Amino acid sequence: MVYVKGTEMYLADTLFSAYLKDEVNDDPDILCVPHTVKELPISECRVARFKIAIESDPELNIVYDYFKKGWPDCIQKVPANVKQYFKFKNDLFIEF
């Protein structure tokens, strides 16, 4: 390994000045998806009914437990009735 003074490191200078100037434009529709749930035109009564239905669903209870405690390493360890959620495990969120 050889020390090279910063002013003599031409490659580093080139890389610094040749960065990509294009901005990445995220899809605004995708950015808004998690927030649209709160904006739905739905009554508090209906929201309460949804919560009761979700809490009484055995499948979603398993998903909720995995969400809190962590998912198994591989899909083979997941019960058959919730395997469909495994591929989306990192995209799930819970609104309290």
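Only the coordinates and a few stated rules stand behind these numbers; no lab work does. Everything numeric in this text was worked out from a predicted model, so none of it was measured. So basically every Cβ, Gly included, is an ideal-geometry build from the backbone, and we count neighbours across all protein chains shown.
Starting from the Cα of SER43, step 7 Å along the direction of its Cβ; do the same at SER56; then give the gap between the two resulting points in nm.
Computed distance between label sites SER43 and SER56 equals 1.9 nm.
Whole-Hz ³J(HN,Hα) for each residue in region 62-69, computed from phi via Karplus 6.51 cos²θ - 1.76 cosθ + 1.60 with θ = phi - 60°, x for glycine and proline: what do you get?
Working through the residues one at a time gives 5, 4, 4, 4, 5, 4, 6, 9 Hz.
Sorted by packing (mean other beta-carbon atoms within 10 Å per residue), highest first, where do 71-80, 56-65, 39-48 land?
Final packing ranking: 56-65, 71-80, 39-48.
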